[in-house]
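Input: a single structure, listed below in structure tokens.
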Amino acid sequence: MTEPWSVERLYLRQLLQNSEIPLPDITRRIKRFQIHEINCGRKYFGEYHHLFPILKMYPDKFKEYTRMKPSTFEYLLLHIKPTLTKNWCNLHTQPILEEERLVLTLRFLATGSSYTHLAFSFRMGVSTVCTVIEETMTVIWNKLQPIHMPIPTAYDFGKIADRFYNKWDFPHCVGAIDGRHIRIKKPANSGSLYYNYKKFFSIVLQAAVDADYRFITIDVGGYGHQSEGGTFKESKLYKALAKKILKIPEEDELPNSNTILPYCFVC
């Protein structure tokens, strides 16, 4: 009895035949490297290959898809591309390009989709999706953190304070701090340590930003059960302030006043 081929599978089979690649060889290769037949069609059906090139022609849709402007995307790719470049042998299928890796990672960050969902959309294995995203995010942090979020100096804090005063009419402010609960699955043997007041399990992302909402510092991993004050006291930011590692400007007079006050964070 003839196997009930789907329309997509028939199309893929036709493409393979037209490319003069013997189908039995492809089958043997799939079995050897454990690549599912669906993922062999990544070049023809994967989201990056058939959708992303079209999005480049529509900047508004591009931003909606990646959460950034095309110019920002190109800037990001320029910095991380050399590190993401891989060496490939001819026994593998179509390699995962540097741009494809970045697009996959941005979709994960923008949508919060599961690895399984992204695996079907981009025609990759789930483990491959996991590896690509973790590698790409590590490269982004290592390359761009020293450029865009270095450890602030006393001069940097002084500029931030000036900006807070000029934009928000709040003097001597060197940052605004807030936290965000990130939902997680309950870790094994953790009791209520990660169970927060919103009635779900979480870790806390705490961040400080300047007057223009740009990140100064971030701290990830606070227990969901902690209060906001407890999370701040356990953060690296608090410890750096307590040990005077961060060079906050010395207290001085408020603008147009003889009153002397220290610099502060708002929460």
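The values are calculated or read from the model by the stated rules, or taken from the named source; none is laboratory data. All values derive from a computational prediction rather than experimental measurement. Note that we place each Cβ from the backbone using ideal geometry, even for glycine, and neighbour counts take in every protein chain shown. In case anyone asks, the SASA skips ligands and DNA or RNA and just uses the protein heavy atoms, side chains included. Shrake-Rupley method; radii C 1.70, N 1.55, O 1.52, S 1.80 Å.
Subtract the Cα-Cα distance of Lys185 and Phe170 from 0.36 nm times their separation in residues, and report this length gain in nm to one decimal.
Numbers: separation 15, 0.36 × 15 = 5.40 nm, distance 4.01 nm.
Difference between extended and current length: 1.4 nm.
Would you pull out the residues with amide H under 5 Å of Cys264's amide H, same chain only if 5 or more places away, H placed 1.01 Å from N?
When sequence neighbours closer than 5 places are left aside, the close amide H contacts are Cys173, Val174.
Once phi is turned into ³J(HN,Hα) by the Karplus curve 6.51 cos²θ - 1.76 cosθ + 1.60 with θ = phi - 60°, what whole-Hz value does each residue of region 253-267 show in order, with x for glycine and proline?
6, 5, x, 6, 7, 9, 6, 9, 9, x, 7, 8, 9, 9, 10
So what are the ³J(HN,Hα) numbers for region 101-106, from phi and the Karplus equation (6.51, -1.76, 1.60; θ = phi - 60°), rounded to whole Hz, Gly and Pro as x?
Each residue's phi maps through the Karplus curve to give 4, 5, 4, 4, 5, 5 Hz.
Which residues' amide hydrogens lie under 5 Å from the amide hydrogen of Thr217, considering only partners 5 or more residues apart or on another chain, with H built in the peptide plane?
Ala208
If r is the Cβ-Cβ distance from Lys247 to Leu193 and R0 is 35 Å, what FRET efficiency results, to the nearest 0.05?
Details: r = 34 Å, r/R0 = 0.97.
It comes to 0.55.
Ranked from the most accessible area to the least, with a 1.4 Å probe and all protein chains present, what is the order of Met149, Met137, Met57? Walk me through the numbers on the way to the answer.
Values: Met149 30, Met137 70, Met57 125 Å².
Reading off the accessible areas and sorting them downward yields Met57, Met137, Met149.
Can you give the extra length, in nm with one decimal, that the chain gains between His117 and Lys236 once fully stretched, where that is 0.36 nm per residue apart less the Cα-Cα distance? Numbers along the way, then the final one.
Details: separation 119, 0.36 × 119 = 42.84 nm, distance 3.48 nm.
Going from the current span to full extension adds 39.4 nm.
Would you please classify the overall shape of region 187-267 from the alpha carbon gyration tensor, given that a ≥ b ≥ c denote the square roots of the eigenvalues, rounded means a/c under 1.5, and beyond that prolate means a/b larger than b/c while oblate covers the rest?
Numbers: a/c = 2.82, a/b = 2.54, b/c = 1.11.
Prolate, because a/c is 1.5 or more and a/b exceeds b/c.
Straight-line reach from Lys63: which lysines have a Cα under 27 Å away, not including same-chain ones fewer than 8 places off?
Output for Lys63: Lys43, Lys81, Lys143.
Long-range amide H contacts for Lys247: which residues qualify at under 5 Å (H placed 1.01 Å from N, peptide plane, sequence gap of 5 or more or a different chain)?
Here the answer is Ala154, since their amide H atoms fall under 5 Å of that of Lys247.
If R₀ is 35 angstrom, what is the calculated FRET efficiency for the pair Leu109 and Asn258, using the beta carbon separation as r and rounding to 0.05? Walk me through the numbers before you get to the answer.
Details: r = 49 Å, r/R0 = 1.39.
Calculated transfer efficiency: 0.10.
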